[in-house]
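The values are calculated or read from the model by the stated rules, or taken from the named source; none is laboratory data. Please read these numbers as outputs of a predicted model, since none were measured by experiment. Glycine gets a Cβ as well: all are built from the backbone with ideal geometry, and neighbour counts include every protein chain shown. Quick note on the areas: whole protein, heavy atoms, side chains included, nothing else; ligands and nucleic acids left out. Shrake-Rupley method; radii C 1.70, N 1.55, O 1.52, S 1.80 Å.
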Amino acid sequence: MAESGIDIVARVVLQQCVYARLQVKPPSLDSEAEWVEIKKGMIIYLCFFKGADSTVIPKMVNSLLNVKLSETDAGKHVSIKDLPGDVLIVPQATLGGKVKGRGMQYHSNAGKELGMELYTQFVTQCQQELAVHAPWAESGSVLRFGTYGNRQVLKIDTNGPYTHLLEF
């Protein structure tokens with residue numbers, strides 16, 4: 001997490017869920033919408049700010065996949081890797097918004113190209129980390145992710161609200 005006096009380069013919201021479905025491609029004249037879905041697990045909403053670079057990705061992945069926020073059926077808190085549970089990563093540029101007057105501005109966000117590059121690196125490193133963790137990899141759990149730069153429709157069933165804000 002960001003320390004006092006250090007610029008924040010990424011903001012993440014973690015949301016526990018029992019089911020989530022994310023539209024990753026809107027419908028068109030010749031095709032239906034495409035969706036990804038997860039069952040019990042965690043949704044990671046993610047936004048990168050100006051000043052972010054790839055050096056923050058390993059710290060983020062380690063923190064987010066190992067933090068003990070996922071609840072077992074017995075009520076014990078464990079990491080998503082040890083639950084094991086599904087993971088849905090959603091690019092969420094609006095996490096970088098600031099109120100100005102009666103509108104929102106997003107001047108602090110990383111540029112679109114850099115944001116897409118960092119998002120792709122984040123997804124890849126999450127996939128790699130989860131694949132080598134035997135309890136998760138062997139459980140049948142899945143990692144799904146949204147499409148960077150697109151407006152997306154999200155349907156979610158929560159067992160909370162159990163939502164956390166983290167800054168890096």
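Brief remarks on what is shown
- Potential lengthening between Lys100 and His77 on full extension [0.36 nm per residue; Cα-Cα distance subtracted]: 4.4 nm
- Total lysine pairs under 18 Å (Cα atoms) in segment 36-79, excluding pairs fewer than 8 apart on one chain: 5
- Taking the Cα centre of segment 97-168 as reference, the dipole from Cβ charges on Lys and Arg (+1) and Asp and Glu (-1) amounts to some 560 debye.
- If both residues of a DSSP beta bridge must be in segment 1-160, then about 75% of such bridges are antiparallel.
- Residues of the chain: accessible area per residue with a 1.4 Å probe, Å²: 56
- Theoretical ellipticity at 222 nm over the chain - DSSP helices of four or more residues, -39500 (n - 2.57) apiece, nearest 500: -6000 deg cm²/dmol
- Those chymotrypsin sites (Phe, Trp or Tyr not before Pro) in segment 50-157 that DSSP places in a loop and that have at most 16 other beta carbons within 10 Å: Tyr106
- The chain, accessible surface, carbon-and-sulfur percent (1.4 angstrom probe): 51
- Virtual spin-label span in nm between Lys50 and Glu138, 7 Å along Cα→Cβ: 4.9
- Net charge dipole size for the chain [Lys, Arg +1 and Asp, Glu -1 on Cβ; Debye, nearest 20]: 520
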